[in-house]
Amino acid sequence: MDIREEFLKFFESKKHERIASAPLVPDDASLLFNNAGMVPFKSIFTGEIPVPANPRVTSCQTCIRAGGKHNDLENVGHTARHHTFFEMLGNFSFGDYFKEDAISYAWEFLTEVIKLPEDKLWVTIHDSDDEAELIWQKYISKDRIMRLGDEDNFWSMGDTGACGPCSEIFYDQGEENFNGPEDRMGGEGDRFLEIWNLVFMQYERSADGKMTPLPKPSIDTGMGLERVVAIKEGKISNYDSSLFMPIISHVEKQIGKKYEYKNGASYRVIADHIRTALFLLAQGINFSNEGRGYVLRRILRRAVRHGYLLGFREPFMHKLVDDVVAIMGDEYDYLAVKATAVKEQIELEEARFFKTIESGIALFNEELKNIKDTFSGEVAFKLYDTFGFPLDLTEDMLKEKNLKLDSAKFEELMLEQRTRAKAAWKGSGDSETHGDFKELLEKFGENTFVGYEFLEHSGEVLALLDENFKHADSLSADSSGWVLLDITPFYAESGGQTGDIGELKGYAKVEDTRKFFGLNLSQISVTSELKVGDVVNSSVDISRNEIIKHHSATHLLHAILFDVLGNHISQAGSLVDADKLRFDFSHPKALSHAELVEIETRVNNDVLRAISGKTEVMGIEDAKKSGAKAQFGEKYGDEVRVVSFGDVSVEFCGGVHVENSAQIGSFIITKESGVSAGVRRIEAVCGNAAYRHFTEQRVLIKQTQAEVKNLDIMAGIARMKSNIKELKDELVEAQNSAKVEITANEVNGVAVVVEELTSGDIKEKIDELKNQNEKLCAMLFQVKGEKVLIAAGVKDASAKAGDWIKKIAPILGGGGGGRPDFAQAGGKDKTKLPEAKAEALKFITEALS
């Protein structure tokens, strides 16, 4: 039985509209992830936006609880029912039906559709909810209805706002399976398993705590798919069901060890975490050191740690991706599309962490040298916090050494970390926007965008909002705010394309344009008072021409990356504005110079081909069949815009584009870099930005020509490199010369030096020796290439330098002469240098005797 499909079909039969699962990243800045089925409908429940035409909806929402206020991470694998990723089945009523129908539908689905035994079902209600009890007594005996207090059976969205009692449905898994003291209704045991929570939103709580009944109360329900599947399959653990066992079996096969439930927590952690990692990566979340990407990294590394405990020493998680796709790919078809890219990203991250584990072991072994019987709690915490070592791994390693752990210190540091994390939790880090949007939507509906056809258009000011998005009748000169026009040519930021700027002629400068719940609002700096009801002429700034060049070039780039690098390429983010484009994509390694040249060349070839752009509006299923690429996380309606450039590029896109690829002008890649493991980024410029890039490069070339003093830059650089090499060689020679110790022999009271000097100035060296000695006769030789330089100096001695050098130079095939105190010469035969040195010493010794 397909529980998911049966649930959705059942509520469709009750006139609910089926809503596809929203992305895991919510439109809610207070949350890291969608963690409940009602999150995508929060703005409806809070009254920020109007109730939809059909006030009944049903969904199967993918959820993650692994960060922030809702965090089941530490329980995963150690209980039968906790998961980081799970699917929540839900039915919702926005001011339509209430308790009677909610309870009736729940009972009918459980007992008639999926046929759970009635005698296995129990319910709890809030201790004040007599109404719910009376309704439940139509279906279940009073002795199986339990009243509990606020902690268990009262739900609220926050300190203020919608709230109300709830009723939870439990399934008795049997005394034969669970018979501990806590295995009772209301206890902490696993015998009575909560499967469905019905929330009755019937009050509005004010800041002073007063609860006022809502005129139209609502229903929010949530049922864990994994729990119901396990029950229907006769399993007492979610992990023993068909949703998890194929994954666990593959882990068994890889490691060659049989899975046993009692000692199998690591298998369960791996099976849970690979689902979370796959869904996050497939939806465009990448590994990083902050925010959602950091939660993803921690989840994957936690799984790898457990793999290490099982005996894995190399990447293994990526091999489980196909198992998850086989189980869930029919419902979530994007998993199969992204699978290849995701496997590469996971394998890279695994490989990186396996290196970290080895570093942790090195730290562990180093600490062993410093202890006798108790291992430092601080080091154990560092292993956990810095290297990702679970405490049980550290303890296992210590047991092998018969050592204890300072657990108290470890727990103290863990508590400090948890306290810091709780204090630091601020939500996702995104900006959160609240304002008078519901009123605008109810009064005007979504305004009309005409920017595909017009860059200028007149429009009436339907509403004005101040900087805090609160209603204003007018905005005075020098103030800022937001304007809602009935017809607007300004494109609102979406799909990576920045929002338009421009002007409301005579009234205001448009600084940005964004969408809020479908409303196209422009942020304005007012130059002359603007009032609601004014008719204004809107003009989009000329920068739009450059934005569309970059946007269309991004489409061409995407298509060519797919062709050049492979079909694993998947868009991971983009930004296009008037000055640049930035495109992030899945790829396991840096692009080579040759690949970048090919990509740039082929994009420019498509630009030069002058390919006509075409935009079609078609049904979403027809668009998918056409092969158009879609971006996960973008919200598409029943009809979508498909932008194509011949057969080169076909994509879903709501953005604005050039009419012909030739308008792009040129495409220049300025940078290629890594964003995270398995994700690369290309930055490029087109149009006017490309021209500026060319002019900047031309100036740089002129400056370089001047610096190298040559119009041929490469020749100039070659000459400079040659000069530098010569200078380096001379420097080395000079440094070596400075290290040479010249020793003098004494002959009849005169210092005598006959040496070879490898570098430096031999004349200066002789002058230096004269300054160091009262009486001196010195002859120095130096080889320069194939020649030999000779210099002789005499101070207060009976010998003459000129005679000395005339005697020695011929030995080297040269000649020379000079004064009695100094002479120099040159020779051509360096092979005779030893003979010349010996003869020079003999000559001067005889001259001084």
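The values are calculated or read from the model by the stated rules, or taken from the named source; none is laboratory data. None of these values were measured; they are calculated from a predicted model. Neighbour counts run over all protein chains shown; Cβ positions are idealised from the backbone, glycine included. With ligands, DNA and RNA removed, areas are computed over all heavy atoms of the protein, side chains included. Shrake-Rupley method; radii C 1.70, N 1.55, O 1.52, S 1.80 Å.
Mean sequence separation of contacting Cα pairs (under 8 Å, at least six apart), scaled by the length of the range 583-738, corresponds to a relative contact order of 23 percent. Here the chain is treated as a Stokes sphere of Kirkwood radius computed over C-alpha pairs; at 4 °C and 1.567 mPa s its diffusion coefficient rounds to 38 µm²/s. The angle between the Cα long axis of helix 265-282 and the main principal axis of the chain comes to about 80°, on a 0 to 90 degree scale.
Highest-first packing order for the peptide set 228-240, 83-95, 488-500 is 83-95, 488-500, 228-240, based on the mean count of other beta carbon atoms within 10 Å. The long axis of helix 833-848 is offset from the longest Cα principal axis of the chain by roughly 50 degrees.
Listed by chain and number, the aspartates and glutamates whose C-alpha is less than 13 Å from the C-alpha of LYS509, apart from same-chain residues fewer than 8 away, are ASP478, ASP500, GLU529, ASP541.
Within 10 Å of each candidate Cβ there may be at most 11 other Cβ atoms; applying that plus a DSSP loop requirement, which GluC sites (Glu not before Pro) in the range 736-799 survive? Walk me through the intermediate numbers first.
Working: sites: GLU741, GLU746, GLU755, GLU756, GLU764, GLU768, GLU774, GLU786; in loops: GLU741, GLU774, GLU786.
For GluC sites (Glu not before Pro) across the range 736-799 that sit outside H, G, I, E and B with at most 11 neighbouring Cβ atoms in 10 Å, the list reads GLU741, GLU774, GLU786.
Partners of LYS589 within straight-line reach, counting aspartates and glutamates whose Cα lies under 17 Å from its Cα and excluding those fewer than 8 residues away in the same chain: GLU344, GLU347, GLU349, GLU350, ASP563, GLU598, GLU672, GLU683.
Hull surface divided by four, with the convex hull built on the Cα atoms of the range 8-66: how many nm²?
Values: hull surface 17.1 nm².
About 4.3 nm², averaged over all directions.
Between ASN263 and ASP150, what's the calculated FRET efficiency when r is the beta-carbon distance and R0 is 41 Å? Round to 0.05. It comes out at approximately 0.55. Between the amide H of LEU405 and those of PHE375, distances stay under 5 Å, these residues lying 5 or more places away or on another chain, with hydrogens modeled in the peptide plane. With Cα atoms defining each centre, the range 183-207 and the range 125-145 are spaced 13 Å apart in the structure.
First select every other residue whose beta carbon is under 12 angstrom from the beta carbon of GLY815; then total the charges, Lys and Arg +1, Asp and Glu -1.
Details: positive: LYS806, LYS807, LYS828; negative: none.
Here the charged neighbours net out to +3.
Of LYS806/LYS842; LYS14/LYS138; LYS99/LYS138, which pairs sit farther than 18 Å apart, going by alpha carbon to alpha carbon? Result: LYS14/LYS138 exceed 18 Å. Taken as Cα centroids, the range 641-709 and the range 779-849 sit 70 Å apart, rounded to the nearest whole angstrom.
Could you tell me the calculated FRET efficiency between GLU233 and THR374, based on Cβ-Cβ distance and R0 = 45 angstrom, to the nearest 0.05?
So, using R0 = 45 Å, E works out to roughly 0.45.
Here the 3J(HN,Hα) profile of the range 27-40, calculated from phi with Karplus coefficients 6.51, -1.76 and 1.60 at θ = phi - 60°, is 7, 8, 5, 7, 10, 6, 9, 5, 10, 7, x, 7, 4, x Hz, Gly and Pro shown as x. Amide hydrogen proximity for VAL675: with H placed 1.01 Å from N in the peptide plane, the residues at 5 or more positions away or on another chain lying under 5 Å are ARG680, ARG681.
Pairs with C-alpha atoms separated by more than 23 Å, drawn from the list LYS765/LYS837; LYS15/LYS438; LYS343/LYS382; LYS728/LYS837, are LYS15/LYS438; LYS343/LYS382; LYS728/LYS837. Which distance in Å, rounded to a whole number, links the C-alpha centroids of the range 432-484 and the range 1-75? The range 432-484 and the range 1-75 have Cα centres spaced 29 Å from each other. Taking amide H atoms as placed 1.01 Å from N in the peptide plane, the amide H of GLY613 lies under 5 Å from those of ASN660, SER661, each 5 or more residues away in sequence or on another chain.
With a 1.4 Å probe rolled over the protein heavy atoms of all chains, the accessible area of ASP729, ASP638 falls in the order ASP638, ASP729, largest first.
At a 1.4 Å probe radius, carbon and sulfur cover how many percent of the accessible area of the chain? List each step's numbers first, then the result.
Numbers: 19110 of 40240 Å².
Of the solvent-accessible surface of the chain, carbon and sulfur hold 47 percent.
Only four residue types carry charge here, +1 at the Cβ of Lys and Arg and -1 at the Cβ of Asp and Glu. Report the dipole size of the range 738-777 about the Cα centre in Debye, rounded to the nearest 20. Walk me through the numbers on the way to the answer.
Values: 5 positive and 9 negative charges, 10 e Å.
So the magnitude is around 60 debye.
Principal semi-axes of the equivalent ellipsoid, √(5λ) from the alpha carbon gyration tensor of the range 135-245, are 31, 16, 14 Å from largest down. Based on Cα contacts under 8 Å between residues 6+ apart, the chain shows a relative contact order of 7 percent.
If R0 is taken as 25 Å, the Cβ-Cβ distance between LEU700 and SER722 corresponds to a FRET efficiency of 0.60.
Can you give the net charge of the other residues whose Cβ lies under 13 Å from the Cβ of ILE717, counting K and R as +1 and D and E as -1? Don't skip to the answer; put the middle values down first.
Working: positive: LYS709, ARG719, LYS721, LYS725; negative: GLU707, ASP712.
That sum, taken over residues with Cβ under 13 Å, equals +2.
Rolling a 1.4 angstrom probe over the protein heavy atoms with all chains in place gives the chain an accessible area of 47 Å² per residue. Mind running the shape call on the range 183-293? Use the C-alpha gyration tensor, a ≥ b ≥ c as the square roots of the eigenvalues: rounded below 1.5 for a/c, prolate if a/b tops b/c, oblate otherwise. Judged from the Cα gyration tensor, the range 183-293 comes out oblate (a/c at least 1.5, b/c at or above a/b). Give the residue from GLY749, TYR691, GLY785 lying farthest towards the positive end of the charge dipole for the range 685-794; charges sit on Cβ (+1 for Lys and Arg, -1 for Asp and Glu) and the dipole is referred to the Cα centre. Sorting the options by dipole projection puts first TYR691.
May I ask you to give the average projected area over all directions of the convex hull of the Cα atoms of the range 3-138, in nm² rounded to one decimal? Intermediate results must be reported in sequence, preceding the final value.
Details: hull surface 39.8 nm².
Mean projected area for the range 3-138: 9.9 nm², to one decimal.
When the residues ARG81, ARG275, ARG184 are ordered by accessible surface, computed with a 1.4 Å probe over the protein chains alone, the sequence from largest down reads ARG184, ARG81, ARG275. Taking a straight line from the alpha carbon of LYS828, these aspartates and glutamates sit under 16 Å away, with near neighbours fewer than eight places off in the same chain left out: GLU756, GLU786. Candidates MET245, PHE449, ILE664 compared by Cα position along the dipole of the chain: farthest toward the positive end lies ILE664, with charges placed on Cβ. Going by a ≥ b ≥ c, the root eigenvalues of the Cα gyration tensor, does the range 785-849 fall in the rounded group (a/c under 1.5), the prolate group (a/b larger than b/c) or the oblate group? Oblate, because a/c is 1.5 or more while a/b does not exceed b/c. Selection among GLN202, PRO215, GLY187 by position relative to the dipole of the range 181-240 gives PRO215 as farthest towards the positive end (Cβ unit charges, Cα centre).
Quick check: from the Cα gyration tensor, does the range 83-155 come out rounded (a/c under 1.5), prolate or oblate? Don't skip to the answer; put the middle values down first.
Values: a/c = 1.25, a/b = 1.09, b/c = 1.14.
It is rounded, given that a/c, with a ≥ b ≥ c, falls under 1.5.
Per-residue Karplus couplings for the range 542-551, computed as 6.51 cos²θ - 1.76 cosθ + 1.60 with θ equal to phi - 60°, are listed in order as 4, 4, 4, 4, 7, 4, 5, 5, 5, 5 Hz, Gly and Pro entered as x. Taking Cα centre as origin and charging only the Cβ of basic (Lys, Arg, +1) and acidic (Asp, Glu, -1) residues, the dipole magnitude of the chain rounds to 3880 debye.
Per-residue 3J(HN,Hα) values for the range 407-415, derived from phi via the Karplus relation 6.51 cos²θ - 1.76 cosθ + 1.60 with θ = phi - 60°, read 5, 4, 5, 4, 5, 4, 5, 5, 5 Hz in sequence order (x marks Gly and Pro).
At 0.36 nm per residue, minus the direct Cα-Cα distance, what do MET414 and MET1 gain on full extension? Give it in nm, one decimal, please. Working shown, then result.
Numbers: separation 413, 0.36 × 413 = 148.68 nm, distance 4.42 nm.
Extra length available between MET414 and MET1 comes to 144.3 nm.
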